[in-house]
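Working notes for the structure below.
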Amino acid sequence: MKITAARVIVTCPGRNFVTLKIETDEGLTGLGDATLNGRELAVASYLTDHVIPCLIGRDPHQVEDIWQYLYRGAYWRRGPVTMSAIAAVDTALWDIKAKAAGLPLYQLLGGRSREGVMVYGHANGRDLAETTDQVGKYLEMGYKAVRAQTGIPGMKTAYGIGRGTLFYEPATKGLPEEQIWSTEKYLDFVPKLFEELRKVYGFGPHLLHDAHHRLTPIEAGRLGKALEPYRLFWLEDCTPAENQEAFKLVRQHTVTPLAVGEIFNSIHDCRELIQNQLIDYIRTTVVHAGGITQLRRIADLAALYQIKTGSHGATDNSPVCMGAALHFDIWVPNFGIQEYMRHTPETDAVFPHAYTFSDGYLHPGEAPGHGVEIDEALAAKYPYDPAYLPVCRLEDGTMWNW
Ligand code: KDG
Ligand code: MG
């Protein structure tokens with residue numbers, strides 16, 4: 001088989017998605033997600049101008065060789081733009097390989113290790129009562145695990161509070177929205193939320209929380225310790241992880257399980273975190289961490305240290321990423337949980353997919369490949385519409401981490 005053509009499809013059915021489509025001389029096609037929120041066209045250009053010309057004529061079955069060719073061959077290693085582009089090619093090639101075999105992708109990875117993929121949904125509200133109510137709505141929908149984020153008294157905005165309930169979307173049109181942040185107010189209030197949630201819903205449901213990189217290591221240690229009585233499934237992105245050693249300080253102070261990795265793009269970003277057992281869940285994704293080929297290596301390294309997976313699954317990862325992630329999740333032996341932020345009906349219509357939700361679990365489906373396609377005619381009706389993630393400042397105006 002030979003790759004005969006490849007192209008990038010940029011579409012905005014409510015939010016921007018970048019998709020790579022690879023075509024072959026045998027009529028099989030494969031899709032890969034290449035969406036990098038707020039920097040979409042950089043990846044589109046990387047693929048169109050620098051990667052696609054190198055793919056034409058290659059054997060799409062050589063998934064590993066093509067991964068190595070793009071990674072080593074670029075000379076410039078790693079980085080979110082490069083690794084999202086490599087991920088898109090890798091995902092599309094796995095899709096083609098599985099379609100050629102007439103099998104769902106998970107069968108090529110090693111087959112099913114579980115019946116379904118446990119997912120967590122996003123409950124958020126402007127205050128404690130609204131957030132508590134929203135958690136209840138997710139539990140009614142059958143979710144076994146819910147991430148809870150709440151507005152904080154005295155702060156206009158807090159991370160994770162959406163404009164809608166089911167389809168939370170942080171990116172906005174125009175220049176980046178500026179938000180104000182107070183660590184002090186946040187640290188005082190968050191334990192109250194989880195105290196209330198355990199009072200109302202008991203200890204049956206899994207509860208999760210995302211600090212979204214906003215704390216210093218010692219503040220993260222304090223929050224983890226304060227949340228211990230409420231037995232979180234995990235505390236996510238408690239502090240930035242460029243300095244992997246920073247997590248040692250957090251670990252010294254708390255037994256709240258820690259999750260990190262949604263912005264990582266390489267196994268090297270998490271090697272020390274894993275080898276020093278500084279985290280409990282690794283959140284790298286198909287789209288931002290070099291595709292299934294590298295995600296599998298990260299998961300295998302993590303398994304040596306009893307660290308589980310918990311892939312990022314926000315709405316800015318397209319249904320193509322979600323489909324591929326579910327095939328990975330249903331196979332990976334050290335699976336933990338999968339994030340599942342629902343896409344809008346408009347997005348689901350552009351990306352028809354085989355995966356389904358029932359009773360707190362996602363199922364990848366049995367369609368050959370990863371089971372996600374694109375309706376190109378419909379996609380063309382939604383042209384690219386620039387949007388940015390917000391930025392964050394402290395109350396005195398200092399730039400902070402959003
Ligand atoms: O594009 C940024 C989002 O994907 C991110 O803010 C979502 O933190 C996030 C999460 O855990 O889903
Ligand atoms: Mg997060």
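The residue of the stretch 372-392 that is farthest from ligand 2 (Cβ to nearest atom), among those that are touching a residue at least 24 places away in the same chain (Cβ under 8 Å) and part of a helix (DSSP H, G or I), is Glu376. Residue-level analysis places Lys248 outside the set of residues that are more than 27 Å from Gly291 (Cβ to Cβ), in the same structural domain as Glu130 (by TED's automatic domain parsing), more than 15 Å from ligand 1 (Cβ to nearest atom) and in contact with a His (Cβ under 6 Å, 6 or more places away or on another chain). Checking every residue in the stretch 266-277 against the condition of being assigned to a loop (DSSP other than H, G, I, E, B), more than 16 Å from the chain's Cα centre (by Cα), more than 14 Å from ligand 1 (Cβ to nearest atom) and not β-branched (Val, Ile, Thr) gives at least one match.
The helices (runs of 4 or more DSSP H) found entirely in the stretch 33-81 that carry 1 or more residues being without any contact (Cβ under 8 Å) to a residue 24 or more places away in the chain and among the small types (Gly, Ala, Ser) are 40-45, 63-73. The set of residues from the stretch 335-371 being within 26 Å of Lys97 (Cβ to Cβ), among the aliphatic types (A, V, I, L, M) and not in a loop (DSSP other than H, G, I, E, B) comprises Val350, Leu362.
What number of residues within the stretch 295-323 satisfy the criterion of being in a helix (DSSP H, G or I) and touching a Phe, Trp or Tyr at 6+ places or on another chain (Cβ under 7 Å)?
Here is the first cut: in the stretch 295-323, the residues in a helix (DSSP H, G or I) are 295-303, 319-323.
Imposing the further condition that a residue be touching a Phe, Trp or Tyr at 6+ places or on another chain (Cβ under 7 Å) reduces the set to 295, 319-320, 322-323.
Number of matching residues: 5.
Just checking, how many residues over the stretch 189-211 are surrounded by fewer than 19 Cβ atoms within 10 Å (Cβ to Cβ) and within 16 Å of ligand 1 (Cβ to nearest atom)? Going through the stretch 189-211 one residue at a time, the tally reaches 1.
Pull up the stretch 108-139, narrow it to residues that are over 16 Å from Tyr340 (Cα atoms) and without any contact (Cβ under 8 Å) to a residue 40 or more places away in the chain, then point me to the one that is surrounded by the fewest Cβ atoms within 10 Å (Cβ to Cβ). It would help to see each step written out before you state the result.
Within the stretch 108-139, the first condition is being over 16 Å from Tyr340 (Cα atoms), and the residues that meet it are 108-115, 125-133, 136.
Filter again for without any contact (Cβ under 8 Å) to a residue 40 or more places away in the chain, leaving 108, 125-127, 129-130, 133.
On the way: Leu108: 17, Gly125: 21, Arg126: 13, Asp127: 15, Ala129: 11, Glu130: 16, Asp133: 14.
Ranking the candidates gives Ala129 first.
Restricting attention to the stretch 342-364 and to residues that are within 28 Å of Tyr305 (Cβ to Cβ) and under 17 Å from the mean Cα position of the chain (by Cα), the residue that is surrounded by the fewest Cβ atoms within 10 Å (Cβ to Cβ) turns out to be Tyr361.
The values are calculated or read from the model by the stated rules, or taken from the named source; none is laboratory data. These figures come from a predicted structure and were not determined experimentally. FYI the Cβ positions are ideal-geometry reconstructions off the backbone, even for glycines, and counts take in every protein chain you see.
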